[in-house]
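Novice: Questions regarding the structure given below will be posed in turn.
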Amino acid sequence: MAVEVIQNILQPSSLLLIISGICLGILFGAIPGLSSTTGVALLMPFTYTMDTIPALLLMLSVYFGGMSGGLIPAILLKIPGTPASVATTFDGYPMAQKGRPSKALGIGISASLFGGIFSALALLLFSPLLSQFALSFGPFEYFGISFFALMVVSTISEGKMLKGFVALSIGLLMSCVGTSPIDGVKRFQMGIPAMSGGFQLMSVVIGVFALAEMLNSVKLIGSSRIHVDGNVVRKNDFFLTAAEWKKNLGTMFRSSVIGTIAGVLPGLGGAAGSMLSYMQAKKASKRPEEFGNGSEEGIIASEAANNAVTGGALIPLLSLGIPGDAATALVMGALTVQGIQIGPGLFRTNGEFVYTTLYASVFINLILFFIAVIAMKIFINIIKIPKYYLIPIVIVFCVIGCYTANSRIFDVYVMLICGYIGYILDKNGYSLTALVLGFILGTTSEQYLRRALIYFGSFGNAMRGSLLGAAFVVLGVAYPLAALIRQRLKQKQQIRAGNDGRRDEN
Amino acid sequence: MGEMLFWLLLLAVGGILFLQTLDFKVIAMMDPVMGPARFPRIVIGLLAFSILGLFVVRLIKKERTAFVFGELFTGIRLRLGALTVCYILILEKIGFVIATSLFLILATMYLYFVEYGSIPVKRTLIRSVVIVGSVVLLQMVFTKVMGVMLPLGTYF
């Protein structure tokens with residue numbers, strides 16, 4: 001199968017899709033206010049009529065390209081193209097200001113390549129294993145995993161756990177609209193016939209992420225005239241020397257591991273992953289004083305980690321049907337429209353599709369590196385596209401993406417409402433990822449829970465009858481409690497440190 | 001205060017949904033343990049519990065953060081939002097090509113004005129022609145090449 005899959009990927013039409021996807025992704029990552037999520041949302045309507053494999057290649061290329069593109073404005077303008085490249089600004093911009101913009105870009109691109117390939121290999125290695133393991137699961141184990149994922153994603157933003165639960169509840173309640181699993185009873189349809197099938201995943205995800213992002217990007221109008229010259233780039237500086245690779249290999253490896261884990265954990269994503277990695281790199285560095293002043297390690301830590309998130313986020317998606325971040329949630333939605341049921345049985349039912357994803361992840365990262373090297377000057381010039389064009393165009397594509405999935409205007413109304421809800425929730429610290437994951441996993445969680453309870457007779461029996469399921473449920477309950485205790489301890493430490501400081505002053 | 005109202009609104013919605021769960025038909029033969037109402041009730045319980053927790057935290061902590069809501073309905077966001085709502089409402093009535101062209105022309109014109117403080121007539125005319133051409137091309141790509149349906153419009 002491997003040879004067949006690689007042949008598929010290396011077909012001229014597939015390569016063309018990959019290259020276009022990467023260019024578009026880099027562009028979306030590079031334009032401040034847009035992201036790989038917006039890029040995937042924008043391309044979705046084009047994928048509906050494609051065959052599954054080309055559609056997948058296109059979306060993965062945009063996703064991976066988007067993660068990398070953020071480093072361009074982060075290094076040259078101190079404006080992170082995406083939230084995942086915030087940490088890149090800390091050292092990338094100072095290095096560029098010291099007259100080494102090409103070197104900073106080269107280090108960033110090389111670290112992205114390393115992180116991307118590392119996580120793609122992790123995906124290749126762990127995804128089949130995890131999927132095989134998941135095949136032996138019964139409904140209560142699946143419920144346990146979904147429950148654990150939901151608890152993790154709600155708890156992830158420190159100090160906002162309760163808000164995370166509110167967002168999660170909203171997502172779960174939205175998933176209850178339509179007909180119930182198992183017995184098909186009508187629920188919360190409010191007399192609207194279009195609601196009998198519930199809300200469409202595409203409408204919710206595009207609304208909550210892409211439209212809300214556009215409403216937010218409006219603030220950049222009038223203040224976003226970008227002045228940057230593509231001639232600062234010297235291609236020779238993009239390639240690291242053997243000595244530079246050797247010197248930075250440890251940081252690349254550690255950051256890639258952190259990024260991959262951040263991708264696997266639902267909701268953590270590139271922003272948190274790259275920040276965690278940056279802090280770890282600073283702690284472990286022999287030259288921590290250079291951090292913030294143009295440190296190579298700083299750029300590597302951020303870029304290797306945020307690109308490693310891509311492969312990590314695909315691991316739970318392919319093995320368990322749990323998307324790791326917003327962009328993978330969109331990919332999942334688009335594949336659902338294609339008739340692909342993402343989940344543990346996917347390896348068995350659609351092996352070609354899964355292995356294409358696995359091998360394509362490696363190829364896309366390699367091609368991404370060369371495209372970035374060859375076309376960097378063009379990308380730098382393209383990021384000057386003004387927002388007054390981009391925002392309306394993205395809104396139109398959001399509308400097309402929702403409408404064309406089912407040819408129903410109702411889905412577009414839902415997208416619009418979700419966009420406003422998403423904006424309000426996001427601005428007030430409620431996790432959008434928790435909402436979307438709640439919506440995605442709501443129906444399956446309920447279905448598995450009900451099936452398990454029909455089989456075992458009661459929740460107590462299920463806990464006793466399925467140890468693995470019970471372990472996940474216990475972990476799901478323990479996770480927020482542990483986070484709460486950690487938060488309390490941290491607060492106490494801060495208070496104590498404040499008191500000590502005041503005493504010293506006195 | 002704004003956030004409290006938001007929580008109260010969520011609680012009210014939760015309450016209405018809870019009342020609706022009382023009317024769900026239970027088919028005991030298919031699922032004697034949970035039924036279709038139990039899961040939504042658990043979720044509504046989680047929502048109520050979380051909001052209650054937020055109320056308590058708010059009472060204990062003295063710091064207050066402003067609830068962001070109004071900015072959606074002022075300035076650029078209000079106008080762009082209104083344009084988007086109008087676009088979506090007229091989409092099925094006047095069809096994709098006209099509605100999208102109108103939306104793109106008006107939205108880019110407005111956002112250009114916000115950015116530069118003026119609207120150059122010649123450039124706007126050229127841009128409008130390019131927009132209409134691009135939208136027609138886009139519709140042809142979707143309908144003829146990709147076989148995807150876009151709204152044709154009731155009145156046309």
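Novice: State whether the residues of the stretch B:48-56 include one that is among the aliphatic types (A, V, I, L, M), assigned to a loop (DSSP other than H, G, I, E, B) and facing another protein chain (nearest Cβ under 8 Å).
Specialist: no
Novice: Across the stretch B:57-76, what is the number of residues that are aromatic (Phe, Trp, Tyr) and within 9 Å of chain A (Cβ to nearest Cβ)?
Specialist: 2
Novice: Quick one: count up the residues across the stretch A:408-425 that are within 17 Å of A:Ser175 (Cα to Cα) and more than 9 Å from chain B (Cβ to nearest Cβ).
Specialist: 7
Novice: Right, something else. Among the residues of the stretch A:348-400, which ones are polar (S, T, N, Q) and under 30 Å from A:Asp411 (Cα atoms)?
Specialist: Across the stretch A:348-400, the qualifying residues are A:Thr349, A:Asn350, A:Thr357.
Novice: Moving on. Somewhere in the stretch A:162-182, is a residue among the basic types (Lys, Arg), open to solvent by 20 Å² or more (accessible area, probe 1.4 Å) and closer than 19 Å to A:Ile424 by Cβ?
Specialist: Among the residues of the stretch A:162-182, at least one is among the basic types (Lys, Arg), open to solvent by 20 Å² or more (accessible area, probe 1.4 Å) and closer than 19 Å to A:Ile424 by Cβ, which makes the answer yes.
Novice: Name the one entry in B:Met29, B:Met1, B:Met34 that is more than 8 Å from every other protein chain (Cβ to nearest Cβ) and within 17 Å of A:Ile182 (Cα to Cα).
Specialist: Step by step, each of B:Met29, B:Met1, B:Met34 is checked, and only B:Met29 is more than 8 Å from every other protein chain (Cβ to nearest Cβ) and within 17 Å of A:Ile182 (Cα to Cα).
Novice: Being assigned to a helix (DSSP H, G or I) and free of Cβ contacts under 8 Å to residues at least 24 places away in the same chain is the filter; apply it to the stretch B:16-26 and report the residue that is nearest to the other protein chains (Cβ to nearest Cβ).
Specialist: In this case the residue turns out to be B:Gln20.
Novice: Follow-up question, since we're still on this one. Can you say whether A:Val399 is within 14 Å of chain B (Cβ to nearest Cβ), open to solvent by less than 30 Å² (accessible area, probe 1.4 Å) and without any contact (Cβ under 8 Å) to a residue 40 or more places away in the chain, as far as the supplied structure shows?
Specialist: The answer is yes for A:Val399.
Novice: Answer with yes or no whether A:Thr89 is in contact with a helix residue (DSSP H, G or I) (Cβ under 7 Å, 6 or more places away or on another chain) and either open to solvent by less than 10 Å² (accessible area, probe 1.4 Å) or hydroxyl-bearing (Ser, Thr, Tyr) (or both).
Specialist: So A:Thr89 fits the description; yes.
Novice: Mind listing whichever residues of the stretch A:182-208 are in contact with an Asp or Glu (Cβ under 9 Å, 6 or more places away or on another chain) and of a type outside the set (S, T, N, Q)?
Specialist: The answer is A:Ile182, A:Asp183, A:Ala194, A:Phe199, A:Met202, A:Val208.
Novice: To continue, here is another question. All but one of (1) more than 9 Å from chain A (Cβ to nearest Cβ); (2) out of contact with any Pro (no Cβ under 6 Å at 6 or more places or on another chain); (3) closer than 24 Å to A:Arg408 by Cβ hold for B:Arg79, so report the exception by its number.
Specialist: B:Arg79 satisfies all of (1) more than 9 Å from chain A (Cβ to nearest Cβ); (2) out of contact with any Pro (no Cβ under 6 Å at 6 or more places or on another chain); (3) closer than 24 Å to A:Arg408 by Cβ except (3).
Novice: Looking at (1) in contact with a Cys (Cβ under 9 Å, 6 or more places away or on another chain); (2) facing chain B (nearest Cβ under 10 Å), which is the one condition that is false for A:Ser203?
Specialist: The one condition A:Ser203 does not meet is (2).
So that you can scan it fast, the table gives a plain yes or no per residue for (1) over 17 Å from B:Arg38 (Cβ atoms); (2) touching a residue at least 60 places away in the same chain (Cβ under 8 Å):
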{"site": "A:Thr444", "(1), (2)": "no, yes"}
{"site": "A:Tyr448", "(1), (2)": "no, yes"}
{"site": "A:Ala452", "(1), (2)": "no, yes"}
{"site": "A:Phe456", "(1), (2)": "no, yes"}
{"site": "A:Phe459", "(1), (2)": "no, no"}
{"site": "A:Gly465", "(1), (2)": "yes, yes"}
{"site": "A:Leu468", "(1), (2)": "yes, yes"}
{"site": "A:Ala478", "(1), (2)": "yes, no"}
{"site": "A:Ala483", "(1), (2)": "yes, yes"}
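Novice: Does A:Lys387 qualify as being of a type outside the set (S, T, N, Q) and within 8 Å of chain B (Cβ to nearest Cβ)?
Specialist: The answer is yes for A:Lys387.
Novice: On the given criteria, is A:Pro80 more than 14 Å from chain B (Cβ to nearest Cβ), free of Cβ contacts under 8 Å to residues at least 60 places away in the same chain and either within 15 Å of A:Gly270 (Cβ to Cβ) or touching a strand residue (DSSP E or B) at 6+ places or on another chain (Cβ under 6 Å) (or both)?
Specialist: yes
Novice: Having 2 or more residues that are in contact with a Phe, Trp or Tyr (Cβ under 8 Å, 6 or more places away or on another chain) and under 26 Å from A:Ile18 (Cβ atoms) is the bar; report the helices (runs of 4 or more DSSP H) wholly within the stretch A:65-161 that clear it.
Specialist: The qualifying helices (runs of 4 or more DSSP H) are A:71-76, A:101-135.
Novice: Another one. Is it the case, given these coordinates, that A:Leu201 is under 25 Å from A:Leu484 (Cα atoms) and either modelled with pLDDT of 85 or more or open to solvent by 10 Å² or more (accessible area, probe 1.4 Å) (or both)?
Specialist: Against the criterion (under 25 Å from A:Leu484 (Cα atoms) and either modelled with pLDDT of 85 or more or open to solvent by 10 Å² or more (accessible area, probe 1.4 Å) (or both)), A:Leu201 does not qualify.
Novice: If A:Phe363 passes every condition in (1) within 14 Å of chain B (Cβ to nearest Cβ); (2) open to solvent by 10 Å² or more (accessible area, probe 1.4 Å) but one, which one does it miss?
Specialist: Looking at each condition in turn, A:Phe363 falls short on (1).
Novice: Is it the case, given these coordinates, that A:Ala405 is buried (at least 19 other Cβ atoms within 10 Å of the Cβ), within 11 Å of another protein chain (Cβ to nearest Cβ), in contact with an Asp or Glu (Cβ under 9 Å, 6 or more places away or on another chain) and within 30 Å of B:Thr143 (Cα to Cα)?
Specialist: The answer is yes for A:Ala405.
The values are calculated or read from the model by the stated rules, or taken from the named source; none is laboratory data. It should be emphasised that the depicted structure is a prediction, and the values quoted were computed from it without experimental measurement. Here Cβ is always computed from backbone atoms with ideal geometry, including for glycine, and neighbour counts include all displayed protein chains. With ligands, DNA and RNA removed, areas are computed over all heavy atoms of the protein, side chains included. Shrake-Rupley method; radii C 1.70, N 1.55, O 1.52, S 1.80 Å.
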